[in-house]
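Heads up: the structure comes next, in C-alpha cells.
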Amino acid sequence: MKQQPLKIGITCYPSLGGSGVVATELGKLLAEQGHQVHFIAHSIPFRLGSFHKNIFYHEVEVNDYYVFRYPPYDLSLATKMAQVANMQQLDVLHVHYAVPHAVCAFLAKQMVGDQLKVVTTLHGTDITVLAQDESLKDLIRLAINESDAVTAVSEDLIRETRELLDITRDIDLTYNFVDPRVYYPRHSESLRRDYANPAEKVLMHISNFRPVKRVGDVLDIFDRVQRNMPAKLLLVGEGPELPKIQCRIKEMGLEDKVHFLGKQDEIAHVISMADVLLLPSEKESFGLVALEAMACGVPTVGSTAGGIPELVTHGETGFLAPIGDTAAMAEHVLTIFKDAELAERMRKACLQRATTMFCNELIRGKYEQIYYRVLGRE
Ligand code: GMT
C-alpha cells in the first residue's frame, strides 16, 4: 500500500560541504516522490538550484537586538523551526549535523509538542571533532538521545558516536548517495587537454582544504608518482590550508605540474578528467567525493580513515593505506597507472558499486522508512 506523502522540514548547513549536499539532494528526491519539503536555513542551500515543485524555503533571520554581544542564531533557528512546524503542520523535522541543528530541533520540539518527530543525521566532524570538546559533549549527547531517530553515514561513525558519547540507543546507517542522472562518466577529453597532454596521467584531489584532508600528503603522493611517469595534479576546492599548499608546491618545484581549479559546480565533468582521485584524509566519516568519483568510473587511492573502507573496496574500486603512508599510496597509484587491464576492471567495478550500493533511490527509501517508523505508520 502506498504511504501518504509527508510534510518534512530539513535543516542543514546550506553552503558548500558534504552534509549540505546530502541534505539538499535528499530534499529534492523526497519532493520528487510527492512529499512536501521545507528547508529551514540561513540561506538557500547552494545545490537547490531553480524552482522545484513541493520545495519551500524558510529563511532564518537573526535578531540583532542591541544587548546581544553575539546575535543568537541558534535561538532564531529553533524558533523558526517551531513556527514552520506549526504553520505547515510538519510531520518530521530532519536535521543534518548535530551542532547546533539537533539541539535547535530539540528546543523546537519542546515548543511544538511530541507530534513533531525529529530525525538527526550525523555527518562526521559533528562527532569526530566536536564531540571531543568537553564543553559540547553533554549537549550533543542530549540532542542525540532526545531525537526520535538518529542516522549516521557509516558504520564507523556509528561506532565512534557510541564510544565518544557513551550512547547506546539505535542509530540507523544511511550511507551518502549519488544521483546516477548527474554522476556518470562524462566526455571530458577537451577539458582535460587544457591541463594535461594525452601521455600524462591525471591525479585529482577535491576538498575544503582543511587540515583533516591532509593535502600535504596529496602533494607527497603526487611527487612520488610524477618521478616515475608523466603526470599532472588537479586541485579542486578552496580552504584554510590553500596558501600553505601553494608555498609547498613552489618549494617542491612542482608549479608546472599542479593546477588549481578553485571551487567547481559541475563536479561530474571535472572528476571525469581524472585517472585517480586522492583522498588521504585523517578523518573521513564517509567521503562523498570518493563516491562521486566512483560513479564517474574513477578509482580512489586514499587512507583507511573512518568510513572510507566501507566505500572504497581495496583492490577493486581503489586502494587504501594507513593514514600518512604516502609511499604506499603512491605505489598504489602507480600500480593502477601501469596496468591498463586493472584500470579498466576498476573503472567497471566503480560504476557497478556506485549504482547498486549507493544509489539515490535506495538511500531515499531508507530515509522514508525511518520517517514512517517514527510516526508509527510502518
Ligand atoms: O568533508 C568535510 O569536511 C565536510 C563535511 C560536512 O560536514 O559537510 O563532510 C562530512 O559529511 C559528508 C556527508 O555525509 C561526508 O561524506 C564526509 O566524509 C564528512 N567529512 C568528514 O568526516 C571529515
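Throughout, read-outs are computed from the coordinates displayed, never taken from laboratory work. Predicted, not measured: the structure shown is a model, and the values here were computed from it. Glycine gets a Cβ as well: all are built from the backbone with ideal geometry, and neighbour counts include every protein chain shown.
Of all lysines in the structure, those lying under 23 Å Cα to Cα from K213, and not within fewer than 8 positions of it along the same chain, are K201, K232, K244, K250, K257, K263, K283. From largest to smallest, the equivalent ellipsoid semi-axes obtained for the chain from the alpha-carbon gyration tensor read 38, 22, 19 Å. Computed 3J(HN,Hα) for region 2-12, one whole-Hz value per residue from the Karplus formula 6.51 cos²θ - 1.76 cosθ + 1.60 where θ = phi - 60°, is 6, 6, 5, x, 10, 10, 10, x, 10, 10, 8, glycine and proline marked x. Charged neighbours of I158, selected by a Cβ distance under 12 Å, balance to -4 (K, R count +1; D, E count -1). Computed over the chain with a Gaussian network model linking Cα atoms closer than 10 Å, the most mobile of A327, A98, A82 is A327.
Here K80 is the anchor, and the lysines within straight C-alpha reach of less than 18 Å, apart from those fewer than 8 places off in the same chain, are K7, K109, K117.
Under 14 Å of direct C-alpha separation, and excluding same-chain neighbours fewer than eight residues apart, K366 reaches these aspartates and glutamates: D172, E378.
Remark: region 72-230 is approximated by an ellipsoid whose semi-axes, taken from the C-alpha gyration tensor as √(5λ), come to 41, 20, 14 Å, largest first. Annotation: amide H of L279 within the under-5 Å range of V301, G302, S303, sequence separation 5 or more or interchain, hydrogens built in the peptide plane.
Taking the chain as a Gaussian network of alpha-carbon nodes connected by springs under 10 Å, the highest mean-square fluctuation of the residues A149, A199, A31 belongs to A199. For A231, the residues 5 or more places off, or on other chains, whose built amide H falls under 5 Å of its own are K201. For the chain, a Gaussian network of Cα nodes joined below 10 Å ranks M329, M87, M357 by mean-square fluctuation, and the top entry is M87. Each residue of region 115-122 is assigned a 3J(HN,Hα), and the resulting list reads 5, 7, 9, 10, 10, 10, 10, 8 Hz, derived from the Karplus form 6.51 cos²θ - 1.76 cosθ + 1.60 (θ = phi - 60°), x at Gly and Pro.
Summing +1 for each Lys or Arg and -1 for each Asp or Glu among the other residues whose beta-carbon sits under 12 angstrom from that of M329 gives -3. As a proxy for reagent exposure, Y66, Y372, Y183 were ordered by neighbouring Cβ count within 10 angstrom, fewest first; the result is Y66, Y372, Y183.
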